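Structure, as structure tokens:
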Amino acid sequence: MPRKKAVIFDMDGVIIDSEPLWKQAEFDVFSSLGVVVSEEFTPITQTMTTTEVAAFWFEKSPWENVSLKEVEELVISRVIELIETSNCAILGIRGFIERLKAQGLKIGVATNSPYRIIPSALQKVGVYELIDTISSAEFEEKGKPDPAVYLSASQKLAIEPHECVVVEDSHSGMIAAKKAGMTVVGFTNGRLHKTFELADFTITHFDDSNEAFRVLTTSA
């Protein structure tokens, strides 16, 4: 396999352990609006953009006097608060990215998260200065599983999609990366289930740096 030139990371669940933070923020905000937030919808909402989540809950339980945009901003602000007060870094991620940078690889982040959250999250984890480009689905017509956010990242890096490796933990993200024509590495974080069947390779933990680095540099 020809050597790749860039590694593009998903953010939520790959760089930061944000799923519980999003769940808490959404519960806090939507509950304050009178919405009964049910766990049964988590598998649906966790792959959505913040805009889509607000619209989803409004359709289920409409509220008054607060616009969808205002609700979206409330959720984002709450997530940022939780990021800043939580130990949310995925174990070993900073050292792992440093090793990839030392190999001359460009590093990107491509996420469904709103842009306002991204700098706070990357700074909290200590990798902001290591990232060469950031793409948010906020500025694309569609979020993952549409490939736009990954294609945007490769364009900003000035590297062809087939020369990029994507590190993803979600099924929708892997679909997006595959549609973009990129090699996909699934970050399992110890979870082994059908989500990772789309991955070309898998990584179990970033703190197992030898395994993780071998997989990425083999695919890259």
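Throughout, read-outs are computed from the coordinates displayed, never taken from laboratory work. These numbers come from a predicted model, not from an experiment. Methodologically, a virtual Cβ is constructed for each residue, glycine included, from the backbone with ideal geometry; neighbour enumeration extends over all protein chains shown.
Tabulated values for the structure
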item: Cleavage-rule hits, GluC sites (Glu not before Pro), region 82-183, DSSP coil, Cβ neighbours within 10 Å at most 10; result: GLU141
item: More than 23 Å apart - percent of Cα-Cα pairs taken over the chain; result: 44 percent
item: Fewest-first ranking of TYR150, TYR128, using other Cβ atoms within 10 Å as the exposure measure; result: TYR128, TYR150
item: 19 Å Cα-Cα threshold exceeded, pairs from LYS69/LYS156; LYS101/LYS178; LYS144/LYS178; LYS60/LYS144; LYS23/LYS178; LYS142/LYS178; result: LYS69/LYS156; LYS101/LYS178; LYS60/LYS144; LYS23/LYS178
item: Ranked MET174, MET48, criterion: other C-beta atoms within 10 Å, fewest first; result: MET48, MET174
item: Between 0 and 90°, nearest 10: helix 19-32 axis offset from the chain longest Cα axis; result: 10 degrees
item: Prolate/oblate/rounded call for region 69-141, Cα gyration tensor, a/c under 1.5 rounded; result: oblate
item: Global form of region 6-94, assessed from the alpha-carbon gyration tensor, a/c cut-off 1.5; result: prolate
item: Separation in nanometres of the label points that stand 7 Å from Cα toward Cβ, at ASN65 and PHE41; result: 2.2 nm
item: Order of HIS171, HIS162 - criterion: other Cβ atoms within 10 Å of each residue's Cβ, fewest first; result: HIS162, HIS171
item: Extension gain from SER31 to ARG3, taking 0.36 nm per residue of separation minus the Cα-Cα distance; result: 5.2 nm
item: Cα-based helix-to-principal-axis angle, 148-157 vs the chain, degrees rounded to 10; result: 50 degrees
item: Peptides ranked, highest mean first, by Cβ atoms within 10 Å: ranges 52-60, 103-111, 10-18; result: 10-18, 103-111, 52-60
item: The chain: most fluctuating residue of PRO114, PRO161, PRO62 per GNM, C-alpha cutoff 10 Å; result: PRO62
item: Charge dipole magnitude, Cβ of K and R +1, D and E -1 - the chain, Cα centre, debye nearest 20; result: 860 debye
